[in-house]
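**Student:** Pasting a structure here, questions to come.
The values are calculated or read from the model by the stated rules, or taken from the named source; none is laboratory data. Computed from a predicted structure; not experimentally measured. Every residue, glycine among them, receives a Cβ derived from its backbone with ideal geometry; neighbour counts consider all protein chains shown.
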Amino acid sequence: MTTDNTHFLSDQIKSLGESATLKMSALARELGAQGHDVISLSIGQPDFDTPKHIKDAAKEALDKGITGYTPVPGSVKYREAIVNKFKRDNGLDYSMKQIVVSNGAKQCIANICLALCNSIDEVIIFTPYWVSYIEIVKFAGGCPVVLKAPIENDFKVSAEQLEAAITANTKLIIFSSPCNPTGSVYTKAELESLAEVLRRHKDIFVVSDEIYEHINFGDPHTSFASLDGMYDRTITVNGMSKGFAMTGWRLGYMAAPQWLASACAKIQGQFTSGASAFGQYAAAVALDSDLGPTREMTKEFERRKHMVIELLREIPGFRVNDPQGAFYIFPNISHYFGKTNGTDTIYDADSFAMEVLNNAHVACVSGSAFGNDECMRISYAASEETLREAVRRIKEFLADFA
Ligand code: PMP
Ligand code: GLU
């Protein structure tokens with residue numbers, strides 16, 4: 001055998017792109033291991049620990065011996081807590097049979113796409129999109145259709161754009177609000193205008209990824225499924241990773257029409273079974289508890305957002321909007337394309353991200369990973385001091401480019 005045996009891999013895996021966010025944070029770690037002082041703003045995870053009462057609940061579950069398999073779609077306790085959460089926070093009535101708990105919201109999205117996509121099916125993905133949507137859709141056999149939204153509209157897709165993108169083959173629409181990578185939040189009126197378009201088109205489903213629900217600095221969150229006529233065609237995806245600082249627990253959930261929830265549970269039953277039992281126990285406690293710690297984290301994210309926007313706007317050529325949620329800023333950095341400092345040249349968003357990593361030792365993610373090749377994603381889930389230093393380094397590095 002030769003050293004490169006990758007030709008043995010399946011065609012499907014060969015055409016699967018790697019997650020750019022995970023790749024960039026691995027590169028940052030590598031550079032750090034070589035002794036460089038690297039600041040990583042590349043991965044989307046809160047820099048807070050999971051609140052104590054949730055960790056205590058997991059310990060309690062272990063002590064109680066809650067260590068076996070749960071039902072594939074989730075433990076009764078956790079699914080009950082999810083049903084209550086939807087009722088309380090979103091005004092949505094679901095039965096337990098409509099809920100599926102997975103190993104992260106990522107797995108929920110994979111289950112949904114595998115359950116719905118045939119090769120003829122077009123999936124409209126609001127762009128900038130979260131990295132994994134497009135690869136999951138392709139892997140599931142669907143045909144992604146990117147629908148690009150400009151910074152001038154806060155990276156939000158308009159009803160007119162949606163109408164124009166729909167064809168006889170449109171099966172599914174996927175978007176996140178609050179959005180990764182832009183932080184944009186669709187207002188209730190904007191969601192309503194999208195729903196109005198869909199009312200004219202039967203048999204199109206919507207994945208409404210609401211994982212950043214709680215990290216919202218503006219109006220109260222609106223669930224797409226709560227809009228007139230949307231309940232039966234919306235799959236609401238949510239999870240514990242962001243709002244509860246539980247990324248490593250790998251717990252996400254979805255609510256869907258029962259026939260679709262059953263299909264997703266069938267897929268999961270063959271691939272991974274139920275999520276971790278004691279994790280679900282603790283996640284139920286998290287959903288049932290006061291959201292004080294979540295609100296505190298959100299307040300801190302908002303404070304940092306204002307600071308980072310102010311600092312980024314001081315960098316010549318950066319175009320920065322003011323998003324209302326999540327913990328990302330997605331500045332347009334195209335001013336620097338084609339510019340050189342005599343040693344290095346910035347050609348595009350990918351080379352921008354690599355130059356900044358290798359020279360300023362700050363890891364961000366190229367916008368191309370999110371379907372926009374003029375921008376760069378900065379996660380501000382880091383301390384104020386770290387963020388100030390990161391922006392200072394980027395600004396200093398770019399000062400020599402002309
Ligand atoms: N959706 C969005 C928009 C995300 O940003 C993420 C993770 N960053 C996920 C889904 C997946 O989250 P998890 O698998 O950690 O629940
Ligand atoms: N989703 C997070 C992000 O966008 C975590 C990394 C990943 O799952 O791709 O950075």
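Residues are listed down the side, and each one gets a yes or a no for (1) more than 16 Å from ligand 1 (Cβ to nearest atom); (2) assigned to a loop (DSSP other than H, G, I, E, B):
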{"residue": "155", "(1), (2)": "no, yes"}
{"residue": "162", "(1), (2)": "yes, no"}
{"residue": "168", "(1), (2)": "yes, yes"}
{"residue": "180", "(1), (2)": "no, yes"}
{"residue": "212", "(1), (2)": "no, yes"}
{"residue": "238", "(1), (2)": "no, no"}
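A quick yes/no check of all residues on (1) within 30 Å of residue 276 (Cα to Cα); (2) more than 16 Å from ligand 2 (Cβ to nearest atom); (3) under 18 Å from the mean Cα position of the chain (by Cα); (4) at pLDDT 95 or above:
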| residue | (1), (2), (3), (4) |
| --- | --- |
| 116 | yes, yes, no, yes |
| 125 | no, no, yes, yes |
| 135 | yes, no, yes, yes |
| 144 | no, yes, yes, yes |
| 147 | no, yes, yes, yes |
| 150 | no, yes, no, yes |
| 159 | no, yes, no, yes |
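**Student:** Being touching a helix residue (DSSP H, G or I) at 6+ places or on another chain (Cβ under 9 Å), more than 9 Å from ligand 2 (Cβ to nearest atom) and in a loop (DSSP other than H, G, I, E, B) is the filter here, so list the residues in the range 37-52 that pass it.
**Tutor:** 38, 41, 46, 47, 48, 49, 50, 51
**Student:** I'd like the residue in the range 39-73 that is touching a strand residue (DSSP E or B) at 6+ places or on another chain (Cβ under 6 Å) and farther than 25 Å from residue 216 by Cβ and, out of all such residues, is farthest from ligand 1 (Cβ to nearest atom).
**Tutor:** Ranking the candidates gives 39 first.
**Student:** For the range 242-355, please list each of the helices (runs of 4 or more DSSP H) lying entirely inside it that holds at least 1 residues being over 30 Å from residue 63 (Cβ atoms).
**Tutor:** Hits in the range 242-355: 258-271, 292-313, 349-355.
**Student:** Given the structure, is residue 308 of a type in the set (A, V, I, L, M, F, W, C) and in contact with a Pro (Cβ under 9 Å, 6 or more places away or on another chain)?
**Tutor:** Spelling it out, it is not the case that residue 308 is of a type in the set (A, V, I, L, M, F, W, C) and in contact with a Pro (Cβ under 9 Å, 6 or more places away or on another chain).
Residues checked against (1) of a type in the set (D, E, K, R); (2) farther than 24 Å from residue 104 by Cα; (3) touching a Gly at 6+ places or on another chain (Cβ under 7 Å); (4) in contact (Cβ under 8 Å) with a residue 60 or more places away in the chain:
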site	(1), (2), (3), (4)
292	no, no, no, no
318	no, yes, no, no
339	yes, yes, no, yes
344	yes, yes, no, no
360	no, yes, no, no
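**Student:** Then there is this: So which residues in the range 172-198 are more than 22 Å from residue 370 (Cβ to Cβ) and touching a residue at least 12 places away in the same chain (Cβ under 8 Å)?
**Tutor:** Residues satisfying the conditions are 188, 192, 193, 195, 196, 197, 198.
**Student:** So, in the range 260-286, how many residues would count as being farther than 19 Å from residue 236 by Cα and of a type in the set (S, T, N, Q)?
**Tutor:** 4
**Student:** Moving to a separate point now. In this structure, is residue 308 crowded, with 22+ Cβ neighbours inside 10 Å and farther than 21 Å from residue 128 by Cα?
**Tutor:** The answer is no for residue 308.
**Student:** I would also like to ask the following. Which is surrounded by 14 or more Cβ atoms within 10 Å (Cβ to Cβ), of a type in the set (A, V, I, L, M), assigned to a helix (DSSP H, G or I) and away from ligand 2 (no atom under 16 Å from the Cβ), of 81, 28?
**Tutor:** 81
**Student:** Shifting gears a bit: Quick check on residue 105: is it buried (at least 22 other Cβ atoms within 10 Å of the Cβ), within 18 Å of residue 287 (Cα to Cα) and within 16 Å of ligand 1 (Cβ to nearest atom)?
**Tutor:** The answer is yes for residue 105.
**Student:** If I filter the range 202-252 down to residues being within 16 Å of ligand 2 (Cβ to nearest atom) and hydroxyl-bearing (Ser, Thr, Tyr), which single residue comes out as surrounded by the fewest Cβ atoms within 10 Å (Cβ to Cβ)?
**Tutor:** Selected residue: 247.
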